[in-house]
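> The structure is given below, and queries will be raised subsequently.
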């Protein structure tokens with residue numbers, strides 16, 4: 001992790017956090033979300 005610059009949130013994602021996203025995406029509340037990629041890495045991979 002140090003070679004990547006660490007984890008900005010200070011910890012990797014927990015399995016429950018990933019499960020929460022999956023539960024949301026499978027729910028009717030996410031019916032209008034299509035073609036989206038979600039990265040759950042605690043901010044490890046820079047996106048900007």
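> Provide the packing ranking of 31-42, 12-23, i.e. peptides ordered by the mean count of other C-beta atoms within 10 Å per residue, highest first.
The densest-packed peptide leads the list: 12-23, 31-42.
> Calculate the spin-label point distance for residue 32 paired with residue 19, positioning each point 7 Å from the Cα along the beta-carbon direction, and give it in nanometres.
3.0 nm
Every number here is computed from the coordinates shown, using simple stated rules; none is lab data. All values reported here derive from a predicted model rather than from experimental measurement. Here Cβ is always computed from backbone atoms with ideal geometry, including for glycine, and neighbour counts include all displayed protein chains.
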